[in-house]
Amino acid sequence: MNKSNFDLYFDLALETNNQTKFEDWFAQMAACVFGADFELIKAGGHHGDKKSDGRRISTETVYQCYAPESSRRFAEKAKDKIFDSFPEVTTYWPNMKGWVFVHNNVEGLPTTASDVLEKLREQYPAITISAPSPPRRFLKDNFHDKLSLQQMLDLYPAASRNFSAVSMGDVRPLLKKIIAEKTVQPDPTAFGELPDRAKLDFNALSPDAKHDLTRARPHVDIVDRYLSGMNNPQHASVIQTQMRSKYEELRDLGYTSDEVLGKLLTFVGSDGTPTVSAAAYVILAYYIDACDIFENVPSFATC
């Protein structure tokens, strides 16, 4: 594995992280790049977050993140977010020499926000005010690509799952565990329908979850080969019934799709280690495709 393998994770994070998740992602990268020179600022107390999400001490640079849920909202509210920071931010950081508006809008700044920045530059000539756009190059060149390989693995733990290395030896003990812990009698005549390619979207799984399941999907033939080779064919029905029963239990308890996925991974036997976690994802991908877990797309639904 090399650094270029993480470009997809960077693009996915930039595309899908918003609000607090984006702030945390940026702060993790900045802390790795700047080390002790970076001071993370979190809301708390009477002064909140002091109109900042982080500060580089040596350069007296304050970073303010803004990553709403959509580009439309960004266009509507970016100028308000900037106005919300100035002039109050200068009272908290009187020695501030630089202010960076870190955002996730790949289309760049709307003219309304750009006009506000120009006015602020005139009013505060001693402060370097910037809003790097488009953000991909700024975040990738100045932060992401400066991370070490280990730091990238820490930032994107899912990347440590090597689905290509999943073998029968990894899958076998997890499936045998499900059989051994049988709690529901199987119906050997009950089999899922053909999978629908829009199923992951219909069940509102997060982009991260869909990404991992999509990576696992090409390897589901390992599960199929194991089930086909079992001495007792009923065991395949046992596993299928157990998976569906556990899914329905979690669904009926009101968990979100991502929470259901996480609890199913634990049910299958994932212990958090990369190898076992990858095997568990492959098993879940198989049963999602077999339409035993998660809901099928209704014929009238548009996805």
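The numbers here are math on the coordinates, done by the rules we state, and not lab data. Every value quoted in this text rests on a predicted model; they were computed, and no experiment measured them. Glycine also receives a Cβ, built like all others from the backbone with ideal geometry; neighbour counts cover every protein chain displayed.
Laid out as a table, the results:
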quantity: Relative contact order for the stretch 3-155, counting Cα pairs under 8 Å that sit 6 or more residues apart, in percent; calculated: 24 percent
quantity: Taking Met230, Met243 and counting other C-beta atoms within 10 Å, the order from fewest to most; calculated: Met230, Met243
quantity: Projected label distance in nm at Ser114 and Phe83, using a 7 Å step from Cα toward the beta-carbon; calculated: 2.0 nm
quantity: Residue-averaged [θ]222 nm for the chain, counting only DSSP H segments that reach four residues, each worth -39500 (n - 2.57); calculated: -15500 deg cm²/dmol
quantity: Cα gyration tensor of the stretch 226-283 - equivalent ellipsoid semi-axes, whole Å, descending; calculated: 22, 17, 7
quantity: For the stretch 102-174: rounded, prolate or oblate by the Cα gyration tensor [a/c cutoff 1.5]; calculated: prolate
quantity: Cα gyration tensor shape of the stretch 3-155, rounded if a/c is under 1.5, else prolate or oblate by comparing a/b with b/c; calculated: oblate
quantity: Label-to-label distance, nm, for residues given as Arg137 and Arg121 (7 Å Cα→Cβ offset); calculated: 1.6 nm
quantity: Answer label for Cα extents along the principal axes in Å (calculated), chosen among (i) 62, 38, 31; (ii) 78, 43, 35; (iii) 59, 44, 40; calculated: (ii)
quantity: At q = 0.09, 0.15 Å⁻¹, base-10 log of I(q)/I(0) for the stretch 161-289 (Debye sum, equal scatterers on each alpha carbon); calculated: -0.23, -0.68
quantity: Relative contact order of the chain, pairs being alpha-carbon contacts under 8 Å that are 6 or more residues apart, as %; calculated: 17 percent
quantity: Local electrostatic count, Ala30, Cβ distance below 12 Å [Lys/Arg +1, Asp/Glu -1]; calculated: -2
quantity: Bridge type composition, the chain - antiparallel percent by DSSP, nearest 5; calculated: 40 percent
quantity: Nearby lysines by direct alpha-carbon distance to Lys146 (threshold 28 angstrom, same-chain neighbours under 8 apart not counted); calculated: Lys3, Lys21, Lys42, Lys50, Lys51, Lys97, Lys210
